[in-house]
Each structure stands twice: as C-alpha cells, then as structure tokens.
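Chemist: Take a look at the following structure, please.
The values are calculated or read from the model by the stated rules, or taken from the named source; none is laboratory data. Quick caveat, the model's predicted, so the values are computed rather than measured. Cβ atoms come from the backbone with ideal geometry, glycine included; neighbour counts cover every protein chain shown.
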Amino acid sequence: MEKGSPERYNFHAGLAEPAQKAHSGEPNDHLSLQMRRASLSIPANIAEGFRRRGKPDKARFMNIAEGSVEECRYFLILANDLGYGDTQKLSATLEEVSRLLGAYAAAILASDS
C-alpha cells in the first residue's frame, strides 16, 4: 500500500463501524465492546507501524494488527454461536482485511529497506 493510500487507514470501515452500530448500549454487552476495541486496534497498529523506521519494528506492528484480526475472528464466531445475528458479511470483510494485511506485512519483510 502506497504512502497516503486510503487502503491503509480504511481497514476499520468494514469492521469498526458495523461493530459500533451493533452495540446495544447495554452494560452487559461486553462482546460488542471487545469487538469494537479489537477492530479499532487493527488500523491503529498499522498506522503506528507505518511510522516506524526499521523493518523489524514495522513488521512487529503488522503482527500485532494480525493478532487483532484473529481476536475479531473469534468474536464473530462467538457471536454467531450465541445467536446474536448473522455474522457472514462481517466475516467476509474480515477475511479481506486479513488478506490485505498479510500482503502488506509480506511486502514489508521482502523490502530492501
């Protein structure tokens, strides 16, 4: 992803916003709160990693973002199992985010700088 590319910061568009809208506002709605936290962590770590100078630092933040993707994946599985609604669309979006993030991390590791 190129510097200034909207793709870098739009990972949240498919995950954080729907998770935010799904939050019922109930005090016991911890699952949606955790999903929101994890989904917001993905672009935050990408942004922080982008500003790092060394390849190992950049890769570390991409790895942290990938961990947040896995958290989101788990929360969607749990939400589906608990019957909270259809998670198929969000799961498909998460798979695309995971694919793009994996490609971005691979490009960082393969770069000469």
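Chemist: Is it true that some residue in the stretch 70-77 is surrounded by fewer than 19 Cβ atoms within 10 Å (Cβ to Cβ), closer than 14 Å to residue 41 by Cβ and basic (Lys, Arg)?
Modeler: Yes, there is a match, as at least one residue in the stretch 70-77 is surrounded by fewer than 19 Cβ atoms within 10 Å (Cβ to Cβ), closer than 14 Å to residue 41 by Cβ and basic (Lys, Arg).
Chemist: Let me ask you something else. Kindly indicate the residue of the stretch 78-105 that is assigned to a helix (DSSP H, G or I) and of a type in the set (S, T, N, Q) and also surrounded by the fewest Cβ atoms within 10 Å (Cβ to Cβ) among those meeting that condition.
Modeler: 88
Chemist: Next up: Return only the number of the condition from (1) out of contact with any helix residue (DSSP H, G or I) (no Cβ under 7 Å at 6 or more places or on another chain); (2) farther than 17 Å from residue 41 by Cα; (3) of a type outside the set (A, V, I, L, M, F, W, C) that residue 55 does not satisfy.
Modeler: Here residue 55 meets the rest and fails (1).
Chemist: Yes or no: residue 38 modelled with pLDDT under 90, of a type in the set (A, V, I, L, M) and either more than 30 Å from residue 112 (Cα to Cα) or touching a strand residue (DSSP E or B) at 6+ places or on another chain (Cβ under 8 Å) (or both)?
Modeler: no
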